[in-house]
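Encoded as structure tokens, the structure appears first; notes follow it.
The values are calculated or read from the model by the stated rules, or taken from the named source; none is laboratory data. Keep in mind the model is a prediction, meaning the values are calculated, not measured. Note that each Cβ is placed from the backbone with ideal geometry, even for glycine, and that neighbours are counted across all protein chains shown. Side chains are part of the model used for accessible areas, which takes the heavy atoms of the whole protein and leaves out ligands, DNA and RNA. Shrake-Rupley method; radii C 1.70, N 1.55, O 1.52, S 1.80 Å.
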Amino acid sequence: MASDGGRVVTVESTAAEGGCPACGVLSGLVKERPTSRVKDLPHGLVPLRVWVRKRRFRCAEPLCPRRSFTQTCPQLPARARLTGRLRVKVAAAVTATNRAMSEVGKDYGVAWWTVHRVLVAAAADVLGPAEPTTAIGIDETRARSVRWLLAEVGWRRTDPWMTSIVDLDPTRRGGIIGLAPG
């Protein structure tokens with residue numbers, strides 16, 4: 001048991017060899033077995049700390065530029081710090097219940113910006129890649145009325161402008177591609 005009342009679980013992969021993602025050659029030459037901390041769903045009301053030990057293999061192909069690679073699995077792809085099931089629960093907690101990202105992050109023990117990254121990835125999966133455009137337009141739009149803010153040296157005027165990037169392709173419906181402050 002951990003000092004904060006959470007439960008610690010160590011998981012290690014059992015595959016004796018893996019295929020290099022660059023060249024596809026199978027290798028059983030273990031270079032190292034690094035351990036990384038991964039966030040997972042809580043076990044009831046008890047926080048769960050998962051330590052994953054994956055094997056890092058040397059590529060058996062001498063001409064391969066990759067040289068080494070780490071095992072992956074569907075629940076924990078390369079460089080992931082959250083399990084797949086936690087990602088699904090976090091995305092559903094925000095989209096289905098319309099809760100704030102900070103509130104969901106607190107419930108699952110992650111930062112709000114981690115919840116934001118999960119939502120962006122979930123949206124990209126649902127929406128797919130954006131269609132290419134042949135013409136874009138840039139316009140500056142006032143986001144709200146001018147405001148005066150009291151600063152240390154006196155009053156300061158703020159001009160709340162937004163830069164809009166829009167699709168001007170005449171063959172399509174068009175729309176906003178992006179917004180930038182300023």
In region 59-91, the residues that are out of contact with any strand residue (DSSP E or B) (no Cβ under 8 Å at 6 or more places or on another chain), among the aliphatic types (A, V, I, L, M) and closer than 14 Å to CYS20 by Cα: LEU63
Tell me which of these ARG49 doesn't satisfy, since it passes every other one: (1) of a type outside the set (Asp, Glu); (2) at pLDDT 85 or above; (3) in contact with a strand residue (DSSP E or B) (Cβ under 7 Å, 6 or more places away or on another chain); (4) farther than 16 Å from GLY18 by Cβ. (2)
Name the single residue, out of those in region 142-182 being under 26 Å from GLU131 (Cα atoms) and among the β-branched types (Val, Ile, Thr), that is nearest to the chain's Cα centre (by Cα). ILE177
LEU119 being in contact (Cβ under 8 Å) with a residue 40 or more places away in the chain, open to solvent by less than 80 Å² (accessible area, probe 1.4 Å) and either within 24 Å of GLY175 (Cβ to Cβ) or not β-branched (Val, Ile, Thr) (or both): no
If you scan region 135-179, which residues turn out to be touching a strand residue (DSSP E or B) at 6+ places or on another chain (Cβ under 9 Å), polar (S, T, N, Q) and open to solvent by 40 Å² or more (accessible area, probe 1.4 Å)? THR141
Looking at GLU103, GLU32, GLU17, which one is surrounded by fewer than 18 Cβ atoms within 10 Å (Cβ to Cβ), farther than 21 Å from ASP125 by Cβ and at pLDDT 90 or above? GLU103
Flag for VAL38 being modelled with pLDDT under 85, surrounded by 11 or more Cβ atoms within 10 Å (Cβ to Cβ) and touching a Lys or Arg at 6+ places or on another chain (Cβ under 9 Å): no
